[in-house]
Amino acid sequence: MEEIKIRIRTAGPDDVEQLLAIYAPYVEKTAITFEYDVPDVEEFRDRIRRILKRYPYLVAEVAGEVAGYVYLDSFVGRKAYDWSASVSIYVKEQMRKTGIGRALYQAVEEIARAQHITNLNACIGYPETEDEYLTKNSAQFHAHMGYRMVGEFHQCGYKFGRWYNMIWMEKMIGEHEEHPKPFIPFPELPKSGRAEKD
């Protein structure tokens, strides 16, 4: 298979509808997200704006079209957690398993390190038995990217008339120093630290 050319950049206001179009099938047809209803454009735009005040929200483009996105968000939200962040990724259905997920994760990890984040945490829907709504593919992808499972919550999510488990996976991407450097919000990073690349 021919390698595709992936461009990674920060999400902007004009991306909202394309990003929502990627996210909507995950809400409507899977238990990958436990969200029931597809948010409207304004709500989704507000989510992106909120995240970009502190964290990266990155888009992958292939041949000029948005093919996936990844973002970091606060982990729990207390000051002591500044060096940890949760990570979420969504790739266009027909573009999965093409290297886009790996490219997005590599880019967001580079930015996280520049922000002095040391821990990345992924909250993942996890089936006891795989079905048409949820497989173990996300957990397997994260394991392939260097994450390890640290906890499982049983039958805590109910969607499509079925109960699903949820797991947390983590990846250490920095040293846990006695006096860590302060967290740097994404907008305050120098342009060179934003990992935008072709």
Given the conditions (1) open to solvent by less than 50 Å² (accessible area, probe 1.4 Å); (2) part of a loop (DSSP other than H, G, I, E, B); (3) hydroxyl-bearing (Ser, Thr, Tyr), every one holds for Tyr36 apart from (1)
Taking region 41-78 and the residues there that are small (Gly, Ala, Ser) and either within 16 Å of the chain's Cα centre (by Cα) or part of a helix (DSSP H, G or I) (or both), the one that is farthest from Leu104 (Cα to Cα) would be Ser74
Filter region 133-187 for residues that are of a type in the set (Asp, Glu) and farther than 17 Å from Leu72 by Cβ; the one that is most open to solvent (accessible area, probe 1.4 Å) is Glu178
Condition set within 20 Å of the chain's Cα centre (by Cα) and modelled with pLDDT under 95, scope region 181-198, selection farthest from His116 (Cα to Cα): answer is Asp198
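For (1) among the hydrophobic types (A, V, I, L, M, F, W, C); (2) open to solvent by 50 Å² or more (accessible area, probe 1.4 Å); (3) without any contact (Cβ under 8 Å) to a residue 60 or more places away in the chain, each residue gets a yes or a no:
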site: Arg78; (1), (2), (3): no, yes, yes
site: Tyr81; (1), (2), (3): no, yes, yes
site: Ser84; (1), (2), (3): no, no, yes
site: Glu93; (1), (2), (3): no, yes, no
site: Arg96; (1), (2), (3): no, yes, yes
site: Ile100; (1), (2), (3): yes, no, no
site: Ala114; (1), (2), (3): yes, no, no
site: Asn119; (1), (2), (3): no, no, yes
site: Glu130; (1), (2), (3): no, yes, yes
In region 2-19, anything open to solvent by 80 Å² or more (accessible area, probe 1.4 Å) and not in a strand (DSSP E or B) is listed as Glu2, Glu3, Lys5, Pro13, Asp14, Glu17, Gln18
Across (1) open to solvent by less than 40 Å² (accessible area, probe 1.4 Å); (2) farther than 20 Å from Ile124 by Cα, Glu109 clears everything bar (2)
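The values are calculated or read from the model by the stated rules, or taken from the named source; none is laboratory data. Keep in mind the model is a prediction, meaning the values are calculated, not measured. Neighbour counts are summed over all protein chains in view; Cβ atoms, including those assigned to glycine, are modelled from backbone coordinates with ideal geometry. Accessible surface is based on the protein model in full, side chains and every heavy atom, while ligands, DNA and RNA are left aside. Shrake-Rupley method; radii C 1.70, N 1.55, O 1.52, S 1.80 Å.
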